[in-house]
Structures are given as C-alpha cells and as structure tokens.
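Throughout, read-outs are computed from the coordinates displayed, never taken from laboratory work. None of these values were measured; they are calculated from a predicted model. Here the Cβ is made from the backbone with ideal geometry for all residues, glycine too, and neighbour counts use every protein chain on show.
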Amino acid sequence: MGILPMSGDLAQTHVQDARATTDIQTLSTIVEHVLWSEAPMIIHQMEARRVFPLRPARNPVLFVTILMRILVAMSGGVDSSVAALLLKQQGCEVVGAYMKNWINEDKLPGDCPWMHDIGDARAVAEQIGIEFRVVNLMRDYRRLVVDYLLDGYACGLTPNPDVMCNREIKFGVFRAYAQAEGFAAVATGHYARRAEVEATVGDTAGSGDPALQCRSNVGRGLPTPPPDAPLCPTPPTCALLEGIDKNKDQSYFLALLSQEQLRAARFPIGHLRKPELRTIAADHGLVTARKKDSQGICFIGEVKMQDFLRAYVPDAPGPVVRATDGKEIGRHRGLHYYTTGQRKGIGIPSNTDFKAYVVVGKRIADNSLLVAFDTPDAPGLFVPEIRVRALSWIGEPVTEARALEGRVRYRDPRIPLEFFPQVDGTATIRFRTPQRALASGQILALYEGEQLLGGAVYI
C-alpha cells in the first residue's frame, strides 16, 4: 500500500475543487480524475502532515492511498496459494478466483479433480482472509485451447496446450474479466519473474518487492486518459525473467505472451525456490502446503493424452514405414497418437538386440508414420536447424540475424543458437549442436540470458 501526497503540479488542476469540499466521496472522484490511475482509489482520513488545506486547519488531513486490486488465479495448488498469501501480506487488495475450464463431462478415464481443487482454493482464501470466486471459462477454454489441441493433432502436429492456455485463457480471457471487474493485474503461481525495464536494481517488480508489487504507478494502465487530464507517464516496458528456482522455472510456458499481457501480470513466487515456498505454506497452515503438484494438461487434470485424443479425434489407420529404406513394417491407428522422438507405444518389435524403434517423422501426404532405430544417425531424429513460424515477441522484435539462446522444450536447458528472420515472417534457427526430436507444432522459447524474449512454433 502506497501513500501518495497530493502536492505539486499533478494536483494543481483540481486543488481548488478539493479545497471546496470535505466530502470524502466527492474528493475521491476529484482525485481519481487527477491521478488517472487504473488502480481503485481509497480515501483515508488521517492525522498527519498537511497535503493541501481543507477548510479549517483543524480538519483531518486527507491522504490518497492507492491500493492495487489483484485477481489471483487459484488452481487449488500450493503455488497459487502462496502467491495469494504473499500479495495479501504486501498490502494488496487480493481476490482469489478458480478458473473453471474443464469438468470432464464425457467421463474420460483419469482423475479430473476440479471439485476438490475448488474446495482447496476456497479453503486457502478463507485462511488468508480474501474473497473467493469461481469464474466459468469453459466455453472459451473449449474454443481457444481444446479445439486448438484437437485440430493440431488431427493435422499431424504436436500442440502445446499449456502455452496456449497461458496466452489465451489466463492472460487473455481471464485478464479481460479481471479488467472488467476493476482489477489492475492478474497474478498466477508461475515460477517466473517480471521486471520493469526502467528499474535500476535487478529484478524487483513482480518478485516479492511490495513497493513494486502493490503500488500503482500513476498514469499507467489505461489506453487513453480523460481529455482534460494532465499528461501522465507512458506505460512501463516489462521484461520476463526465469524463476530463481531453475528446477521449477516455468518461463517456457509464457513464451507467447505479449508486452500488454505482461504489464498486467504478476508472478509473486518467482523469487522463491520450491522448498522455501512449501515452508511458507506450512508456516501459515495452508491446507495445500503438502498437496502434490499437478502433472496433467493445463486445467484438465491428470487425464492421459491418449484417452483424451481417443475420445475426440477419430482413428485414421495408416502404414508404419522404416525411414532408412522406405519399407512398410506395420500399421498405426492414427498419426495423432504419436510424436517425434516417441519410443513407447509404437507396437513394432525391432527384432534386433539392444535396439528399439523411435518415431522420426510423420508423412501427412500418405498418412505414414516414419520410424527408425534410435541412433544418432536416424533420419530426421537430430536436426542442425529448423524453421519456425508464428513468432511472438514480449518486447522489441528481433528483425536481424542474431545469436540468441533457446529452450527447445520444457525442462531442457537453454542452448546457443543463431536466429535468421525471413521475409515471409518465419525464421530459420541454426543450432550449434544438433537437437533431438523437435516436433512440428511444439514451441521454441527464445532467450537472452535469463530474459525470455519470445517464442515461436516449429514448422
């Protein structure tokens, strides 16, 4: 919570109006117009030093306190629970919300514990003393994430629903809901850090510093000011950094966010390591302190992908072809059940000691699944370069050839690469060391050191 004295040039426009009233509601309207801030204004009467004179000097002096309202996406897990707790401790006005995206209406095999998760999220909200809501986004989730997932697999791609859920749901539809409800930002339990580029001391914004987490920057956040409002600072440029805990870092899943989305995002736990976070949860008695981390698809639960696809994508049998000689060695049920680099579930014995088949590609033209022995010289398994499309940048686009780093999939380390933009909006990526099993439709995250620059989709 920041106390902002109404003095200086900013307040001069309406200072006479302010002097003319002692009514809190009227003054609130005046001050909100002067400040032109997206954060709700809360007016407090306090006995303190004079900011500007109000009628007799003996009257309580009015301070303007800007209390940032933040909507926290609470999944029912320990990470988002601690995110809400930390923001509350920092003085923010926090509301928790469970995004109801999927309830397994078709009774697919597997655990989709959405009711239990809502119960846990609600219990944590009660423990830390914040309002709790359930926001129904099922229709949007089906349209923007599930359909994307199913269409991709049906076309022989390997989509990434978690990346798309972040861009389209958490920081898309959910963020729009938050803004419509008067919230200044959306917070999640991602292990990532947000920093304002103008900051002079490391990464503080969004990483646990209450001064930058909860104080609204005057004039930031609205697309256009009122016609007669004073000039205000332009919105900050934000950078997205890896989480401190490199074992839990989730910046990869945020690779397709825009600058606008990042400005409205908060990552309160990005400065913590997982053991520290669980200790905080246990110290405060949160019911989720020892809850196991979810391993399922984003907000669908621990439903196996094979079962999910079987329910929604029709089988399309075709030949299994050995890539080294073009010989058909079996049949498959549908290309959507397989991805490049897959070894299990192919159903073709190698008949060779100490060797196993691996998927090296999909030939859409004749619906063929290409396999080879899992060796470094398997055709198409290791690639020195690859093309990407749908480039998305968090900050300034990279428009010239440049040395960068990339994370070719989640959990993989950052590796050096050369980035070559093309005139058609795609880019060629050249790796210093050939990379294994890069599947069309998956995401490449691009970095410069710890800073996530953006991402793209493998062609």
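Here are a few things to note about the model shown:
- Estimated FRET transfer efficiency when R0 is 51 angstrom, pair C155-D283 (beta carbons, to 0.05): 0.55
- Once backbone amide H atoms are built at 1.01 Å from N, G330 has V320 as its partners under 5 Å, excluding neighbours fewer than 5 places away on the same chain.
- Nonlocal amide H pairs with C238, under 5 Å, H built at 1.01 Å: V197
- Stretched out straight at 0.36 nm per residue, the stretch from T426 to E126 would grow longer than its current Cα-Cα span by 103.1 nm.
- Applied to segment 133-148, the Karplus parametrisation 6.51 cos²θ - 1.76 cosθ + 1.60 on θ = phi - 60° returns per-residue 3J(HN,Hα) values of 10, 10, 9, 7, 10, 4, 5, 5, 5, 4, 6, 9, 10, 5, 5, 4 Hz, with x for Gly and Pro.
- With contacts taken as Cα pairs under 8 Å and at least 6 residues apart, segment 304-459 reaches a relative contact order of 19 percent.
- The modelled label-to-label distance for the pair V197/R333, using points 7 Å beyond Cα in the direction of Cβ, is 4.9 nm.
- J(HN,Hα) series, segment 180-197, from Karplus relation 6.51 cos²θ - 1.76 cosθ + 1.60, nearest Hz, glycine and proline x: 5, 8, x, 8, 7, 7, 10, 10, 9, x, 6, 7, 7, 10, 10, 9, 7, 4
- Its Cα centre serving as origin, segment 243-381 has a Cβ charge dipole (Lys and Arg +1, Asp and Glu -1) of approximately 300 debye.
- Size estimate for segment 231-373 follows the Kirkwood approach: the inverse of mean 1/r over distinct Cα pairs works out to 19.8 Å.
- Close amide H contacts of V72 (hydrogens built in the peptide plane, cut-off under 5 Å, sequence separation of 5 or more or a different chain): V95, G96, A97, A187.
- Directionally averaged projected area (convex hull, Cα atoms, segment 315-373), nm²: 3.7 nm²
- Computed packing ranks the peptides 268-280, 118-130 as 268-280, 118-130, most packed first, by mean other Cβ atoms within 10 Å.
- Legend: translational diffusion of segment 364-422 by Stokes-Einstein, Rh = Kirkwood radius over C-alpha pairs, 4 °C, 1.567 mPa s; D = 89 µm²/s.
- Net charge contributed by nearby residues that have their C-beta within less than 10 Å of T426 (K/R +1, D/E -1): +1
- In the structure shown, the pairs K88/K291; K304/K344; K248/K274 are assessed against 18 Å; a Cα-Cα span above that value is assigned to K88/K291.
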